[in-house]
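Here's the structure we're looking at; comments come further down.
Only the coordinates and a few stated rules stand behind these numbers; no lab work does. Not measured: the values here are computed from a predicted model. Note that each Cβ is placed from the backbone with ideal geometry, even for glycine, and that neighbours are counted across all protein chains shown.
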Ligand SMILES: [Zn+2]
């Protein structure tokens, strides 16, 4: 079973497309996005750290859409390798204002266990 981030409340839930048990919001409808923030791509600890970012934004912003885009903005600025998004300048400014108020903690991305294991094996092959 997949562990995935709930973009609405920051809970780490079972199943990328299942409704969240905490807030009953289902997937974003964007499969790529749901998979990007699942344990297929990053460790469960990393999902938890992104969950804290969602919670930090929730504390300062009540608008669902703006909260969602602020999170996306946070990721695309700090972790362009996970997600890059182009949004209009005025929307960027709005999101940046939310992020400035939320001041979420930086996230260190750990890759999913499988990806990590593959790379360790490659490195071992190189040194042999
Ligand atoms: Zn939720």
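Results, tabulated for the structure shown:
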{"quantity": "Helix 44-60 vs. the chain, principal-axis angle (Cα, 0 to 90°, nearest 10)", "calculated": "10 degrees"}
{"quantity": "Helix axis angle, 64-78 relative to the chain longest principal axis, alpha carbon, degrees", "calculated": "40 degrees"}
{"quantity": "Residues 58, 67, 121 arranged by fewest to most Cβ contacts within 10 Å", "calculated": "121, 58, 67"}
{"quantity": "Gained length - residue 122 relative to residue 108, 0.36 nm times residue gap less alpha-carbon distance", "calculated": "2.8 nm"}
{"quantity": "GNM flexibility winner over the chain from 49, 89, 16 (Cα, springs under 10 Å)", "calculated": "89"}
{"quantity": "Helix 89-102 vs. the chain, principal-axis angle (Cα, 0 to 90°, nearest 10)", "calculated": "80 degrees"}
{"quantity": "Debye log10 I(q)/I(0) for region 3-108, one point scatterer per Cα, at q = 0.10, 0.14, 0.18, 0.21 Å⁻¹", "calculated": "-0.24, -0.48, -0.81, -1.13"}
{"quantity": "Mean separation of Cα contacts under 8 Å, 6 or more apart, over the residue count of region 3-108: relative contact order %", "calculated": "25 percent"}
{"quantity": "Order of 105, 33, 5 - criterion: other Cβ atoms within 10 Å of each residue's Cβ, fewest first", "calculated": "105, 33, 5"}
{"quantity": "Stretch gain in nm, segment residue 24-residue 82, where the contour uses 0.36 nm per residue and the Cα spacing is subtracted", "calculated": "18.4 nm"}
{"quantity": "Förster-model FRET efficiency, 35 Å R0, residue 89 and residue 35, C-beta, rounded to 0.05", "calculated": "0.75"}
{"quantity": "Order of 46, 108 under a 10 Å beta carbon neighbour criterion, fewest first", "calculated": "108, 46"}
{"quantity": "Inter-label distance, nm, simple model (7 Å from Cα along the C-beta direction), residue 101/residue 64", "calculated": "1.9 nm"}
